[in-house]
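For reference, the structure discussed in these notes is given below.
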Amino acid sequence: MPPPLRRLLAVTTLVIFFLIAFSSAPPQIASAKPGANGDSAEDPPLIDLAGYKDVVAKYRGKGVLVAFWATWCEPCRNEYPLVVSLAKEYAPRGLVVGGVSLDEDSDLSLVRKFLVQNHPGFPNYRKKPGIDADAFYQTVNPDWKGTMPGTAFYARDGHLARNFFGERQRDPFVDAIRLILATPISLNRQGEQSFAGN
C-alpha cells in the first residue's frame, strides 16, 4: 500500500474512533433541573406552614434534621455540603434529612444550580411564595428571628430537641445528631411503638 494511502487510512480510523468514543458520552447533568431529592428533573416542591409540619410528622420515630438555606446566603452555601455529608454518614443509623430553600421565584434558576452542584440525595422543598417569612420562622421555632442558615433537629418522639441559628462546624452537628438519635423507643403493652417519656 502506498504511503499516502496508509496515512489516509490511519487518519480515517482515528476520526471514526473519536466519533464513536464521544458520541457515547453521558449527557451533561448541568442541564437537568434538580427535584425534591436534588437528582431528578423537577423543581423542589413548594411548602407552606402546614406542609412543613406534615413533613416533620411523617418521620416521627426517626431523628430528623431540617436545614433551612438560601442561595443568597453565603454561610448557607458554606454549610450545606457538610449537611449533605452528614446525611450520607448518619442515614444508616436512622437520621432523616430534609432541606427548605427560602429563595424567591426569581432565584429558582440559582436553586436548581445549587442543588445540582451539591447532589444532596435528600428531599428539598421551597417556601411557598407569599408566606410571611417571620411567620414561617415562628412556626418552625418561636426563638428563630431569621438568622441564616437555620437548622432544626427533631428527636424521634417528634419534639424540637435542638436548633442552630447561623453557620456551624461539624462537631456541633454531630453532637445534635447523636442527641436526636438517642431517644429510646420501646414497645407498650399493646405491642405498639411508644417513645420513652410518653
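The values are calculated or read from the model by the stated rules, or taken from the named source; none is laboratory data. Just so it is clear, the model here is predicted, and its values are computed rather than measured. Cβ sites come from the backbone with ideal geometry, for glycine too, and all protein chains shown count toward neighbours. For accessibility, only protein heavy atoms count, side chains too; no ligands or nucleic acids. Shrake-Rupley method; radii C 1.70, N 1.55, O 1.52, S 1.80 Å.
Please work out which one of (1) in contact with a Leu (Cβ under 8 Å, 6 or more places away or on another chain); (2) outside any loop (DSSP other than H, G, I, E, B); (3) modelled with pLDDT under 95 is the condition F68 fails and give its number.
Condition (3) is where F68 drops out.
For segment 74-84, state whether one or more residues are polar (S, T, N, Q) and either touching a strand residue (DSSP E or B) at 6+ places or on another chain (Cβ under 8 Å) or without any contact (Cβ under 8 Å) to a residue 40 or more places away in the chain (or both).
no
Just give me the residues in segment 49-86 being open to solvent by 20 Å² or more (accessible area, probe 1.4 Å) and in contact with a Gly (Cβ under 6 Å, 6 or more places away or on another chain), in sequence order.
R60, K62
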